[in-house]
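A short worksheet on the structure shown next.
Throughout, read-outs are computed from the coordinates displayed, never taken from laboratory work. These numbers were taken from a predicted model, which means no experiment stands behind them. So basically every Cβ, Gly included, is an ideal-geometry build from the backbone, and we count neighbours across all protein chains shown.
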Amino acid sequence: MVETNYWFEKAEYDQRLARVQLQLVEKGYDALLAFMPESVTWLTGFFTRAYSSFQFAIIPASGEPTVICRDVEAYYLDSTCIYADRVMWSDSDDKTTVAVQAIRSRLGHSPRLAVEMGAWPLSVARFHGIQAGLPAALMMDESQLVTRMRFIKSAAEINYQRRAARAAEAGMTAAINAAQPGVSEREMAAEICRAMIRAGSDLPGPGVMSSGERAYHLHGGYSDRVLARGDIVQIETTPNVRHYHARFMRPIRVAQASEEDLWAVEKLIAIQDAALAEVRPGVAAAVPDSVYREGILAAGLRETYTNKTFYSVGLLLAPSGGEPLEAAPGCSWHFSPGMTFHTYVLARGFGMSETIAITHDGYERLTQFTRQLFIS
């Protein structure tokens, strides 16, 4: 007997399904073809670490979903998927033919289909193959239909992110303790990963990590470089629980720091405090975004500031690094309860960031680590 490992109660999956089906009915679709791994997992529960193989879900406008996946994933399908209907392909099968037959058998030869055409696993060749196998079908791009719904997290989802935040804090503690002269970035990364895994993270990370010259350039990864006295270490810990993410940055100087360093970090903290003071339901994201940008430029910390300042995080499966809801000049969306964001500010190689959840009257800081310049 397979031991089940459902991430949420069935009622939560049923509520998600009902929301999607309501949209399908209102838009006149017979079904959604969900190709994004996050969409499949969010709607059906099905998760396997081999999600990069060809798999998708048929979400009908009424009734239960069908999952199409590789036959070797049967155990994980049985243990994680809330719904029973499935079609399995084996490595000797023509996967496109299997997909077309699954769609025809459940929806007929001429369905009106919403399709996640922007999903990275759906290649142009695969889409054209499915389209050729269903010449009478109408296929329309609805890549954002499920994604937009995922912007608002349930209490259970945010609880996973709180747990991930505790793992992030364990990783940052390990980073600060390990950042000593003579220690390599690789050794430091190993300590961070060990701490986060032991604290509950499902993946090791460590996230953005670099020192020396590379600390001034975002998205560095660890190398064999050995830390030297006075180095900046740019570090972001990025753990997850059930693949729900929380992350944050803190600035580190190795063994020594200047008064100018301390001033710069204090300014970053003050700018972030001023920006976050504007965050609450109904407020336009452009408001705190402007506070960040204007604060950085007014303080003379940078000559230009082009980074986004908020981006949504939640259920993320690599290569996805964030959800497509971001604050940058020209954004027009507003904060709503249940949204969760990584919000960050960067200058002079120093990064300060938090993961926050929007509440009914403000926000909750999910990452609660001390904010300062750490001198290891």
Would you pick out the residues in region 294-318 that are in a helix (DSSP H, G or I) and among the acidic types (Asp, Glu)?
GLU294
Filter result (assigned to a loop (DSSP other than H, G, I, E, B) and either touching a strand residue (DSSP E or B) at 6+ places or on another chain (Cβ under 6 Å) or surrounded by fewer than 16 Cβ atoms within 10 Å (Cβ to Cβ) (or both)) within region 82-94
ALA84, ASP85, SER90, ASP91, SER92, ASP93, ASP94
Out of the residues in region 1-59 meeting the condition of being in contact with a Lys or Arg (Cβ under 8 Å, 6 or more places away or on another chain) and surrounded by fewer than 20 Cβ atoms within 10 Å (Cβ to Cβ), tell me which one is farthest from GLU323 (Cα to Cα).
GLY28
Among the residues of region 141-156, how many are more than 16 Å from GLU12 (Cβ to Cβ), assigned to a helix (DSSP H, G or I) and not hydrophobic (A, V, I, L, M, F, W, C)?
2
Tell me yes or no: at least one residue of region 338-355 is free of Cβ contacts under 8 Å to residues at least 40 places away in the same chain, under 18 Å from the mean Cα position of the chain (by Cα) and surrounded by 15 or more Cβ atoms within 10 Å (Cβ to Cβ).
yes
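Listed here are the residues, each with its yes/no results for (1) more than 27 Å from VAL313 (Cβ to Cβ); (2) outside any helix (DSSP H, G or I); (3) of a type outside the set (Gly, Ala, Ser); (4) in contact (Cβ under 8 Å) with a residue 60 or more places away in the chain.
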| position | (1), (2), (3), (4) |
| --- | --- |
| ILE158 | no, no, yes, yes |
| GLU169 | no, no, yes, yes |
| GLU191 | no, no, yes, no |
| LEU203 | no, yes, yes, no |
Across region 100-141, the tally of residues that are over 18 Å from PHE54 (Cβ atoms) and either surrounded by fewer than 16 Cβ atoms within 10 Å (Cβ to Cβ) or free of Cβ contacts under 8 Å to residues at least 12 places away in the same chain (or both) stands at 8
Report, by residue number, each residue of region 224-264 that is over 30 Å from TYR6 (Cα atoms) and in a loop (DSSP other than H, G, I, E, B).
ASP224, ARG225, LEU227, ALA228, ARG229, GLY230, ASP231, VAL254, ALA255, GLN256, ALA257, SER258
Check THR97 against each of (1) surrounded by 14 or more Cβ atoms within 10 Å (Cβ to Cβ); (2) touching a Gly at 6+ places or on another chain (Cβ under 8 Å); (3) assigned to a helix (DSSP H, G or I) and name the one condition it does not meet.
(1)
Does any residue of region 281-293 turn out to be under 24 Å from the mean Cα position of the chain (by Cα) and part of a strand (DSSP E or B)?
yes
